[in-house]
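For reference, the structure is listed below as structure tokens.
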Amino acid sequence: MTTLTVLPSGKTYDVAAGTSLLKALLETGEAIAHKCDGKAECGACHLFVQEGRKSLSKIQRVENEKLDSIVGVGSKSRLACQVVLGEEPVTVELLGFV
Ligand code: FES
């Protein structure tokens, strides 16, 4: 298990390491868009990882290519559907495009 903190709500959840960040967020009930159901095609699940980036799965080519096409991407950007949670606590900021 690890701890997932979600901004802007500020709520904290216990989530299983080794699962997808999108799946974990959906299970918490937080509002996260996922129009392509996790195929790295829509970009709707774009969020910022504010803390704990190092313990997450690395960005793969398919995610990198999609991020390149999204406006407003920064160094903290990830696609939630492509992130696998690690053992370290993570703080993510939802961007509210639901
Ligand atoms: S759900 Fe579409 S890119 Fe993540």
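Values quoted throughout were computed directly from the atomic coordinates according to the rules given, and no laboratory measurement underlies them. This one's a predicted model, so the numbers in the text were calculated from it and none came from an experiment. Here the Cβ positions follow ideal geometry from the backbone for every residue, glycine too, while neighbour counts run over all protein chains shown.
In segment 40-98, the C-alpha radius of gyration followed by the widest Cα-Cα span (Dmax) gives 10.7, 30 angstrom. Taking all Cα pairs closer than 8 Å and separated by 6 or more residues, the relative contact order of segment 1-51 comes to 21 percent. Once each of the trypsin sites (Lys or Arg not before Pro) sitting in a DSSP loop with at most 15 other beta-carbon atoms within 10 Å is removed, the chain keeps 1-34 as its longest stretch. The chymotrypsin sites (Phe, Trp or Tyr not before Pro) of segment 12-98 that meet both conditions, a loop assignment by DSSP and at most 14 other Cβ atoms within 10 Å of the site Cβ, are Phe97. Here the extension length gained between Glu87 and Asp68 equals 4.1 nm, from 0.36 nm per residue of separation less the Cα-Cα distance.
From the P(r) of segment 2-94, could you give the percentage of C-alpha pairs in the tail past 23 Å?
13
Of all aspartates and glutamates in the structure, the ones whose alpha carbon falls short of 13 Å from that of Lys66, not counting any fewer than 8 places away in one chain, are Glu41. Apply the a/c threshold of 1.5 to the C-alpha gyration tensor of segment 5-52 and tell me whether it is rounded, prolate or oblate. Cα axes put segment 5-52 in the prolate bin.
Entry note, the chain: relative contact order of 42 percent, from Cα contacts under 8 Å with a spacing of 6+ residues.
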